[in-house]
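Down below is the structure, laid out as structure tokens.
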Amino acid sequence: MHVLIVNQVMKIKELTLYTSELHKQRDFYLNTFNLQPYDRTATSFAVQLGHTKLIFKQSNTAYVYHYCFLIPNNRLQSAITWLQKRLTVISYEKGRVIEPGPEDWNSESVYFLDPTGNILEFIVRHDLDNDSDKPGFDATHIISVNEIGMASKHPEVLNAQIVSTLGSKLKYGNLDRFGANGSEDGLFLLVNYTKKKTWFPTSKFPTPSPFEGIFEQNDRLVNLKFTNESVQTIG
């Protein structure tokens, strides 16, 4: 069953992820994305990606995340060229690198890994009006962090917690195997790891990696954390 909810806008305003290799993450955003880290301490740093503040904090545990960057609809080919000069873009048959989303997503994506194994993605969403007049492509074209993966054996529980705390609704897919809560501007990817065993397009198992952040639902800001396969408000 596909559920489409209209007239809602969810945005990821701030996202905190955890890493056991903080220096690799900092070097990646500084040297590969050419972004200047800020709010730097011995155990954390931040980078600005459009309207999203992305924060990394040192952890003793190595986590794997899947998250996604929204880019302008008219900059996908330029973004691919930019990426390929810097890292290996995941490819498919005959060297194809663009992966179309499900039909009701009306999207196209390219995927790549960061130095610690996180699965990253550039996505264009053709139902959004976000073409850029700025020529070429660099990391300043990124509009936001657009998706964050949430793995659980009970995605229906996660969805109910998100609905209760943030108010965003299931937009795509289902709560049996894979669904997405939010809007084209920002999505929680709800994965049942007992049925979906990998993060596309890799062989990496979708583990329930913790995060916290500030999420905007129709101009209302809510501070949430995801830990132990549960969503809770902070503060």
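The values are calculated or read from the model by the stated rules, or taken from the named source; none is laboratory data. Just so we're clear, the structure is a prediction, and the values are computed from it rather than from any experiment. Ideal geometry is used to build each Cβ from the backbone, glycine not excepted, and the neighbour counts take in all protein chains shown.
Residues in region 48-77 that are part of a strand (DSSP E or B), hydrophobic (A, V, I, L, M, F, W, C) and either touching a helix residue (DSSP H, G or I) at 6+ places or on another chain (Cβ under 6 Å) or at pLDDT below 95 (or both): Phe56 only. Considering region 27-60, the residues that are among the β-branched types (Val, Ile, Thr) and within 21 Å of Lys11 (Cα to Cα) include one that is surrounded by the most Cβ atoms within 10 Å (Cβ to Cβ), namely Thr52.
Being touching a residue at least 60 places away in the same chain (Cβ under 8 Å), of a type in the set (D, E, K, R) and within 24 Å of Ile12 (Cα to Cα) is a property that holds for Arg75. Here Thr52, Thr16, Thr32 are screened, and the one residue that is hydroxyl-bearing (Ser, Thr, Tyr) and touching an Asp or Glu at 6+ places or on another chain (Cβ under 6 Å) is Thr16.
The single condition from (1) in a helix (DSSP H, G or I); (2) surrounded by fewer than 18 Cβ atoms within 10 Å (Cβ to Cβ) that Leu83 fails is (2). Among the residues of region 215-235, which ones are closer than 20 Å to Val157 by Cα and in contact (Cβ under 8 Å) with a residue 24 or more places away in the chain? If the condition is that a residue be closer than 20 Å to Val157 by Cα and in contact (Cβ under 8 Å) with a residue 24 or more places away in the chain, then Phe215, Gln217, Val222, Leu224, Phe226, Glu229, Ser230, Val231, Gln232, Thr233 are the ones that fit. Scan region 62-71 and tell me whether some residue there is more than 17 Å from the chain's Cα centre (by Cα), free of Cβ contacts under 8 Å to residues at least 24 places away in the same chain and surrounded by fewer than 17 Cβ atoms within 10 Å (Cβ to Cβ). No; the residues of region 62-71 include none that is more than 17 Å from the chain's Cα centre (by Cα), free of Cβ contacts under 8 Å to residues at least 24 places away in the same chain and surrounded by fewer than 17 Cβ atoms within 10 Å (Cβ to Cβ). Select from region 198-220 the residues that are over 24 Å from Ala62 (Cα atoms) and in contact with a Lys or Arg (Cβ under 7 Å, 6 or more places away or on another chain) and write down the one among them that is surrounded by the most Cβ atoms within 10 Å (Cβ to Cβ). By that ranking, first place goes to Phe215. One residue stands out among those in region 142-176 that are hydroxyl-bearing (Ser, Thr, Tyr) and touching a Pro at 6+ places or on another chain (Cβ under 9 Å): the one that is nearest to Asn130 (Cα to Cα), which is Tyr172.
Listed by position, the strands (runs of 3 or more DSSP E) enclosed by region 90-154 that each have at least 1 residues that are aliphatic (A, V, I, L, M), touching a residue at least 60 places away in the same chain (Cβ under 8 Å) and under 20 Å from Gly50 (Cβ atoms) are 119-125, 144-152. Of all residues in region 47-89, exactly one satisfies the criterion of being of a type in the set (Ser, Thr, Tyr) and touching a Lys or Arg at 6+ places or on another chain (Cβ under 7 Å), namely Thr52.
Of the residues Lys24, Lys94, Lys85, the single one that is at positive phi, among the charged types (D, E, K, R) and out of contact with any strand residue (DSSP E or B) (no Cβ under 7 Å at 6 or more places or on another chain) is Lys94.
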